[in-house]
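Notes follow the structure.
The values are calculated or read from the model by the stated rules, or taken from the named source; none is laboratory data. Because the structure is a prediction, the values reported are computed rather than measured. Cβ placement follows ideal geometry from the backbone for every residue including glycine, while neighbour counts extend to all protein chains displayed. Just the protein is used for accessible areas: all its heavy atoms, side chains included, with ligands, DNA and RNA removed. Shrake-Rupley method; radii C 1.70, N 1.55, O 1.52, S 1.80 Å.
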Amino acid sequence: MTGLPLWAAILVSALVLAGAAMSLIGAIGLLRLPKFYQRLHAPGLTTSSGSICIILGSMIGFSLLNERLVLHEALIGLFIMCTTPVTLMLLGRAALYRDRAENRPVVAPTDPLAVPPRQD
């Protein structure tokens, strides 16, 4: 087994660093944004794209090192792309249900398009 060619090492390291940077941006957004509904967006947007970059880098690197096509990382990427949006959607719906059940305002009162909470 030989090492990676220079072009592949640069490509793999760029993909892994890009994925790590996207994941870091999502984690910082999760910590910095003030409201729960805003916090859902940061990891939702960056987790999937960051994971895909890291998985692509891993697939390219291990395919060249093993001299055969390595595709089992694609299954991991498929699971991440399917579960992350669904999980964040369910979290958002659960929080919305909780806020409506406790008669808390869901949107800012200065929003002209705001829908008042239901009075059931």
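Among the residues of region 59-103, write down those that are in contact with a Ser or Thr (Cβ under 7 Å, 6 or more places away or on another chain) and within 30 Å of GLN38 (Cβ to Cβ). Spell out the reasoning first.
The first filter runs over region 59-103 and keeps only residues in contact with a Ser or Thr (Cβ under 7 Å, 6 or more places away or on another chain), leaving 69-70, 73, 77, 80-81, 84.
Scanning region 59-103 gives GLY77, ILE80, MET81, THR84.
Name every residue in region 38-95 that is among the charged types (D, E, K, R) and surrounded by 14 or more Cβ atoms within 10 Å (Cβ to Cβ), in order of residue number.
Hits for region 38-95 are ARG39, GLU73.
Write out, first by first residue and then by second, each pair whose Cβ atoms fall under 8 Å of each other, whose residues are 6+ apart or on separate chains, and whose first residue, in region 70-85, is within 22 Å of GLY26 (Cβ to Cβ) while the second is surrounded by 15 or more Cβ atoms within 10 Å (Cβ to Cβ) and of a type in the set (Phe, Trp, Tyr).
Listed pairs, sorted by first residue: GLU73/PHE62.
Quick one: which of LEU11, LEU33, LEU17 is over 15 Å from the mean Cα position of the chain (by Cα) and either open to solvent by 90 Å² or more (accessible area, probe 1.4 Å) or touching a residue at least 60 places away in the same chain (Cβ under 8 Å) (or both)? Let's see the steps before the verdict.
Values: LEU11 fails: either open to solvent by 90 Å² or more (accessible area, probe 1.4 Å) or touching a residue at least 60 places away in the same chain (Cβ under 8 Å) (or both); LEU33 fails: either open to solvent by 90 Å² or more (accessible area, probe 1.4 Å) or touching a residue at least 60 places away in the same chain (Cβ under 8 Å) (or both).
Exactly one of LEU11, LEU33, LEU17 is over 15 Å from the mean Cα position of the chain (by Cα) and either open to solvent by 90 Å² or more (accessible area, probe 1.4 Å) or touching a residue at least 60 places away in the same chain (Cβ under 8 Å) (or both), namely LEU17.
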